[in-house]
Amino acid sequence: MYNIMTPGPTKVRENVRLARSTETTNPDLDKEFYIYYKETCTILSDIMQTKNAAYIMAGEGILGLEAACASITEPGDRVLIIDNGVFGKGFADFVKIYSGETVSFVSDYERPIDSQELRAFLEKDSDFKYATLVHCDTPSGVLNDIKTICTLLDSYGIMTVVDSVAAMFGEYVNVDESKIDILCGGSQKVISAPTGLTMVWVSDRAIKVMENRKTPIASFYANILNFKNYYKDQWFPYTMPISDIKGLRIALENYLEEGNSNVIERHKKIGEATRKAVEQSGLELYLKDGYSNTVTVIKVPEGLTDRQILTTMRDKYNVMIAGSFDVMAGRVLRIGHMGENATRENMIETMNALGRTMKDLGFPLKCDLTDAFLNAL
Ligand SMILES: *Cc1c(COP(=O)(O)O)cnc(C)c1O
């Protein structure tokens, strides 16, 4: 087994894996499961600091993004796509599939969204039903200030869909304070449950928009409204993946045991120490500003390819980090220090493997990455 240090899927703790192997009831017919599901959703709402309902859907993080767009987009609706990264840009595809009209606010991929620039843009055009935004855009690692941006959009009466798949649980999120209408998350990133689940937190305003549509939601599987009355009606739109949900529940209990602020602090320390070590070593961070504590994105040094570095690190030193994709393909390396990955021990192994790899490839670093990391920790 490689030491998996990618920005998702992350490592899964043994008690989570074991929870998934326990015997299960019939999740459609057993009212105990409805209670268990509801309790799990309440934990999710509490952690994201909201009174909004949370729902767990069967499908990876992408399903949450698509479900949000499917559920609130009607043909011809104008939707603002806030694009400073690959996932940010990608939201436009979901909106278009459901016949929305997209307008993009594009900004530098090396920096977070500047709320003053966005305000200036909105002064000229704010006729949008909703806007889409990514918290941590993982292919480049940029972290956007969702609270400032979503409250700004709210002041123009624009609803918000936020993809925090790669940030939530490791970066602070307060849904109510930030006035986020649909927050999207996934099981395989910071919370460190196995892949397969998406979670959405949905405001009353968004539910009303779904209920008052003139046209039906053009999807069944991605229809969030189908979940609204699951408890009252004791009915799910499809059979819930009970083993996955049991795993998620234990991962949430692990999280609560460590404590929300402790987890965020752990990510902050690891993120900062990693960045410091990378900079001291002569490698270059991709971003100029807006670092997420869940992922570090490093430029591939000139004369080398991402493939060479990733393969050597994996095959010779047993550590798997990631390259990137879309417009970021080949340009960067990504270390996912999120969730169960974000420990001192894992990072020592990773820094060590990266340092040795660079030396092997004829790019010796200015300092020992591991020492620099530990000094900064
Ligand atoms: C991982 C991730 C997703 C979900 O992608 P999957 O392919 O379903 O894992 C969505 N948004 C962001 C920002 C992510 O990092």
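Quick notes on this one:
- Pairs meeting the criteria (first residue in the range 1-20 and away from the ligand (no atom under 14 Å from the Cβ), second residue among the β-branched types (Val, Ile, Thr) and in a loop (DSSP other than H, G, I, E, B), beta carbons under 6 Å, at least 6 apart or on different chains) are MET5/ILE321.
Each row is one residue, and each column tells you yes or no for (1) buried (at least 16 other Cβ atoms within 10 Å of the Cβ); (2) farther than 18 Å from TYR130 by Cβ; (3) not assigned by TED's automatic domain parsing to the domain that holds GLU171.
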| position | (1), (2), (3) |
| --- | --- |
| ALA193 | yes, yes, no |
| LEU197 | yes, yes, no |
| VAL200 | yes, no, no |
| ILE207 | yes, no, no |
| TYR221 | no, yes, no |
| ILE224 | yes, no, no |
| LYS232 | no, yes, no |
| PRO237 | no, yes, no |
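- Restricting the range 46-63 to residues that are in a loop (DSSP other than H, G, I, E, B) and open to solvent by 10 Å² or more (accessible area, probe 1.4 Å), the residue that is farthest from the ligand (Cβ to nearest atom) is LYS51.
- Hey, ALA251 buried (at least 19 other Cβ atoms within 10 Å of the Cβ) and in contact with a Cys (Cβ under 9 Å, 6 or more places away or on another chain) or not: no
Conditions tested, residue by residue: (1) of a type outside the set (Phe, Trp, Tyr); (2) open to solvent by less than 30 Å² (accessible area, probe 1.4 Å); (3) assigned to a helix (DSSP H, G or I); (4) out of contact with any strand residue (DSSP E or B) (no Cβ under 9 Å at 6 or more places or on another chain).
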residue	(1), (2), (3), (4)
LYS89	yes, no, yes, no
ALA92	yes, yes, yes, no
LYS96	yes, no, yes, no
TYR109	no, no, no, no
PRO112	yes, no, no, no
ASP127	yes, no, no, no
THR132	yes, yes, no, no
CYS150	yes, yes, yes, no
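- Number of the condition not met by PRO241 [criteria: (1) under 16 Å from the mean Cα position of the chain (by Cα); (2) within 28 Å of VAL16 (Cα to Cα)]: (1)
- If you go through the range 202-257 and keep only what is touching an Asp or Glu at 6+ places or on another chain (Cβ under 6 Å) and hydroxyl-bearing (Ser, Thr, Tyr), you end up with SER203, THR215, THR239.
- If you go through the range 214-248 and pick out every residue that is part of a helix (DSSP H, G or I) and either farther than 20 Å from ILE62 by Cα or in contact (Cβ under 8 Å) with a residue 40 or more places away in the chain (or both), you end up with 14.
- Test: residue in the range 161-173 that is outside the structural domain of HIS267 (by TED's automatic domain parsing), among the aliphatic types (A, V, I, L, M), touching a residue at least 24 places away in the same chain (Cβ under 8 Å) and more than 15 Å from the ligand (Cβ to nearest atom): no
- Boolean, GLU66 is surrounded by fewer than 19 Cβ atoms within 10 Å (Cβ to Cβ) and in the same structural domain as THR151 (by TED's automatic domain parsing): no
- Residues of the range 313-332 that are without any contact (Cβ under 8 Å) to a residue 60 or more places away in the chain, more than 23 Å from GLY185 (Cα to Cα) and buried (at least 18 other Cβ atoms within 10 Å of the Cβ): MET313, TYR317.
The values are calculated or read from the model by the stated rules, or taken from the named source; none is laboratory data. Quick caveat: nothing in here was measured; it's all calculated off a predicted structure. Backbone-built Cβ (ideal geometry, glycine too); neighbour counts: all protein chains shown. Heavy atoms of the whole protein, side chains included, go into the accessibility calculation; ligands, DNA and RNA do not. Shrake-Rupley method; radii C 1.70, N 1.55, O 1.52, S 1.80 Å.
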